[in-house]
Every structure is written in C-alpha cells, then in structure tokens.
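All remarks here apply to the structure that follows.
None of the figures in this text is laboratory data; all of them are computed from the coordinates on show. What you see is a predicted model, and the numbers here were worked out from it, not measured in a lab. All Cβ positions, glycine included, derive from the backbone under ideal geometry; neighbour counts span all protein chains shown.
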Amino acid sequence: MSQTSPKSSAPSVSKNPVKRYAPWLYAFWKFSRPHTIIGTSCSVLGIYLIALSNSGLISRENFVSSIFITLMACLCGNVYIVGLNQLEDVAIDRINKPHLPLASGEFSRWQGQAIVAVTGILAIGLAASQSPYLLAMVALSLAIGTAYSLPPIRLKRFPFWASLCIFGVRGAIVNLGLFLHYNNGLPIPAKVWALTLFILVFTFAIAIFKDIPDMEGDRQYNISTFTLRLGQKAVFNLSRWVLTVCYLGMAIASLKLPFVNAPFLIISHLLALGSLWLRSYKIDLQDKHEIARFYQFIWKLFFLEYLIFPAACLLSL
C-alpha cells in the first residue's frame, strides 16, 4: 500500500475559477498589477465625486463619458506603464517577483509587447476623445512611465528620479489632470490641492517602500534603491513617519479647508493612522512575505483615502 496521502498524490486543483478556466485572463490580471489597477480606479471615481461636490455640473447624461471612458483610458495607460516595466525587468522579476507572467513564462515576450502596444494606443485614443486635459494627463503619464523603464534613460536606476516618477504621476499629474478634465478647466479648489499634496507625499512612501522586499534582485542587477543605500530598517521607519505626517497633516488641514466635513476627516484619518502603527509593530523585516503583505496594506490605505476624502466633501453639502 502506498504511504503517500491522497491529498499529496491527487492533482492540484485551483480554487480560483478564473485561474482554472480562463488562465490567460488570470495571467493578464497579474500582468496588470492589480493593486495599481485598483488604485487608478479609486482615483478616477474619487476625483469625479469631488468634482461633483464642487459644482454639481456633471449631469447624469454625461456619466458614461465622465466615468467609463475616462476609466478605460486611465486603466489602459496603467497597463502600458506596468507592462513596459515588466518587459524590461524579466531577469530581475525572476528573482524578485517570479509569479509575474513574463517571469514565469505564462506570457511570451511577444504577447507582452502586443499588450503594451495596444493598451498604449487605446489610452491615447480614448483620452483624446474626451478632453485636452485628459489627453495631456494620460500622455504625460505614459511619457514618464516610458522614461522610468525604457533604456537608455531608465530612470528607475536612480532612487531620486525613480521616486519622483512614481509620486509625481500618482500624486500630482493624475489628481490635477482628472479634476481639470471633470471640471472642464480651472479653478482648482483648495480641497483638491489638499488631497493632491496628501497623495503626493503618501505615494513617496509607497515609492521607497516598494523596494524593501526586492533587495536581492535589485542588488544583482545594479538597480540603486534607497533600501540598498540606507538599509531596510531605515527605509521602513522613514516610510512609516512619512505616512504619519500625511495623516496628521490632513487632520490639521481639515480645520481650515472649506467645503469638507472636518470632524469626519479628523476621526477617519486618526483611525487609519492608528491601524498603520498597530500593523507596523508586527512586521519582521527579515520575512519577505510579511513585508510584501504590509506593502499591500499601505496600498489599501491609499485606496481608502479616495473613499474618505470624497465622502467628507459630499457630507459638507
């Protein structure tokens, strides 16, 4: 009689129905880097709600063009940027992120190139059909994303420029560009500037933290990062304090911001800050999986901001 248990001898069956029945779609989902897709979607919806609370001029009849087509343009741009980065980082990702489709072999290089080309063209085309503000935002984001990944510029080799690319696009270009698109131009109210500054600084923390679990591959391929220069613990603490400044700064600023519900903003931001510190005390910096989970937790806080801040604006009406 075999000593192998039925569990170990039976063929493994994925519990994820998409992975099991539509493996290409599952691979594409991984290729698109889901946390960035969710972040982009939250940005599009959150800024829409803020613009709506600001003027109320966006009609229901324009909802599809205001939200759906804008979202599709931004998501296509998102896939172009993260896809191009994967095309240039296959060898590094085989060490740092072996689950990604190009690194694992689920996608061929030709498939990756085709996806990047199609999504880049769609992003520009869809944005151009909406407004010059959306087109400028998408085009500038794609240009910076290209310079970030593609030789000979490849700004990701330099810690300062790499971080500037990430928080410049996520923090300033996306928020201001989307608001100008929805608002059909200037002026930009104080509450949008406050959110932009918050996201700008918050995304800086994301930009420097994301390299903590990737030290091995970055070191082997001479990708200079703040983690390699300063060490894991220093970058971890720096990220945590940057996020603390974000939350405390927004809580204080809410007392002076017009057309926002200050008590709601203060309470929600202090709760988010408390959860950040509570979670951070449990992290073992020698455990790559724990660091990765905490990084995803920071992204969840990023998503949450695009729900909290618009809600505070709508509650002030």
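For the range 17-315, what class follows from the C-alpha gyration tensor (a ≥ b ≥ c being the square roots of its eigenvalues): rounded when a/c is under 1.5, otherwise prolate if a/b is larger than b/c, else oblate? Can you show the working numbers first?
Details: a/c = 1.80, a/b = 1.17, b/c = 1.54.
Oblate.
Note on S129 and A22: with the Förster distance fixed at 35 Å, the Cβ-Cβ geometry gives a FRET efficiency of about 0.75.
Length available on full extension from A190 to F297: 0.36 nm per residue minus the Cα-Cα distance, which gives 35.7 nm. Placing a pseudo-label 7 Å from each Cα along the Cα-to-Cβ vector at R157 and T244 gives an inter-label distance of 3.7 nm. Measuring between their Cα centroids, the range 144-189 and the range 229-291 lie 22 Å from each other.
Could you tell me which of the pairs K256/K282; K30/K156; K30/K191; K30/K282 are separated by over 32 angstrom between their Cα atoms in the structure shown? Among K256/K282; K30/K156; K30/K191; K30/K282, the Cα-Cα distance tops 32 Å for K256/K282; K30/K191.
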